[in-house]
1. Assign unit charges at the C-beta atoms only (+1 for Lys and Arg, -1 for Asp and Glu), then state the dipole size of the range 140-217 relative to its Cα centre in Debye, rounded to the nearest 20.
2. Calculate, in whole percent, how much of the Cα-Cα pair population of the range 81-130 lies beyond 14 Å.
3. Using only the alpha-carbon atoms, what does the range 122-239 span along each of its principal axes? Please give whole angstrom values in decreasing order.
4. Sequence gap of 8 or more, or different chains, plus Cα separation below 15 Å: how many lysine pairs satisfy both in the chain?
5. What is the angle, in °, between the Cα long axis of helix 58-76 and the longest principal axis of the Cα atoms in the chain? Nearest 10 is fine, range 0 to 90.
6. Report the full-extension gain for the segment Met179 to Phe20: residue separation times 0.36 nm, less the Cα-Cα distance, to one decimal in nm.
7. Let me cross-check Asp343: its accessible surface, 1.4 Å probe, with only protein heavy atoms counted, in Å² to the nearest 10?
8. If I model a spin label as a point 7 Å beyond the Cα along the Cα-Cβ vector, how far apart are those points for Phe2 and Val60 in nm?
Amino acid sequence: AFAIDWLSMSYMLIYIPLLFPVAWLLDKRGLRLIALAGSALNAMGAWVKLGSLKPHLFPVTVMGQVICALAQVFILGMPSRIASVWFGSHEVSTACSIAVFGNQLGIAAGFLVPPVLIPNVEDVEKLAYHISIMFFMTAGVASALFILVIIVFKEKPLHPPSRAQASIQSRPTAEYSYMQSILRLLRNANFLLLMVTYGLNVGCFYALSTLLSRMVIHHYPGEEVNAGRIGLTIILSGMVGALISGIWLDKTKTYKQTTLVVYIMSLVGMIVYTFTLSLGHLWVVFVTAGSLGFFMTGYLPLGFEFAAELTYPESEGTSSGLLNVSAQIFGIAFTIGQGQIMDRFGTKAGNLLLCSFLFLGTVMTAFIKADLRRQQANL
């Protein structure tokens, strides 16, 4: 089980050291190169996995997964950057939330498709056949996306969509230093608070997603397909949450208040999920997990956009990248910690660990000052 958990955690681990070189590339070479590299690596990793359909070839599966994890480093920092480069001040948060929505759509497919395509059979040859169908489908989709990026993806529009973006684009390149930008971000107290609170919230979400099947099957044996559906419910409700929070931000510009409310609701949702998981009613798990996903995934674009406001005129790719690094570090720690606690003390104790950290994050969020620099630049 621990080796299987690492197929998910490898994404988190690889992101941490590679964020800085990739964010530097995004600053120096722009969006198109990053999109090409990310989609190419994703397709390559998917094809490598096709060579791993024997039990003794598990290391090849891991290698394919690591290549896909490299792709994610390029892709995860793009939503807030694409939103800022291509969209005006009244639509930038909605654009960011739609990009996050796309990311979640892929995760939703990951929860839905494998349990349907791969039945729980003992015959290893049959199992290999079903897994190969899934791997071929994944490789086909990833390759099609790579071709689409080559044909369709443009660097930036002819004219800057906002005053804030025009100001950044008119800055002489010689004046900009990537290292100085990082140092300025790390000296920004409000951003540092947001970085920790974002890491706590999203790290909890990563741990919950990774260990979800194990939790559900522990309380409801033989319900593998429903475990996948519960994961799908979390993601689908989260996609709705992400869209609503993006549209709400564009309408109201209440970054701090919205972030705090969504954080409190994530904590409430986690507490309810913790104490209803073992009641013996699967429909209750669907409802509580769905409401938890609505707020936890709804928080993703909020964090990116609040960071872009607090850190303007620094690169959105760097600020959202640092948020993601924080999330990956906490995600690995929480996944390992919760997994060990679940093995020794049960699922309730593991979930209570996440509740305590979400409470800490809520308190810290209350101390972030709403210093909306990008809004001031647009005014």
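1. 120 debye
2. 65 percent
3. So the three principal-axis extents are 63, 40, 26 Å.
4. Going through the chain pair by pair, I get 4.
5. 30 degrees
6. Contour length minus Cα-Cα distance gives 56.3 nm.
7. 110 Å²
8. Taking the two extended label points, one gets 2.7 nm.
The values are calculated or read from the model by the stated rules, or taken from the named source; none is laboratory data. None of the values given here were measured: they were computed from a predicted structure. With ideal geometry, Cβ positions are generated from the backbone for all residues, glycine too; neighbour counts draw on all protein chains shown. To get the accessible areas, we keep the full protein, side chains included, count just its heavy atoms, and leave off ligands, DNA and RNA. Shrake-Rupley method; radii C 1.70, N 1.55, O 1.52, S 1.80 Å.
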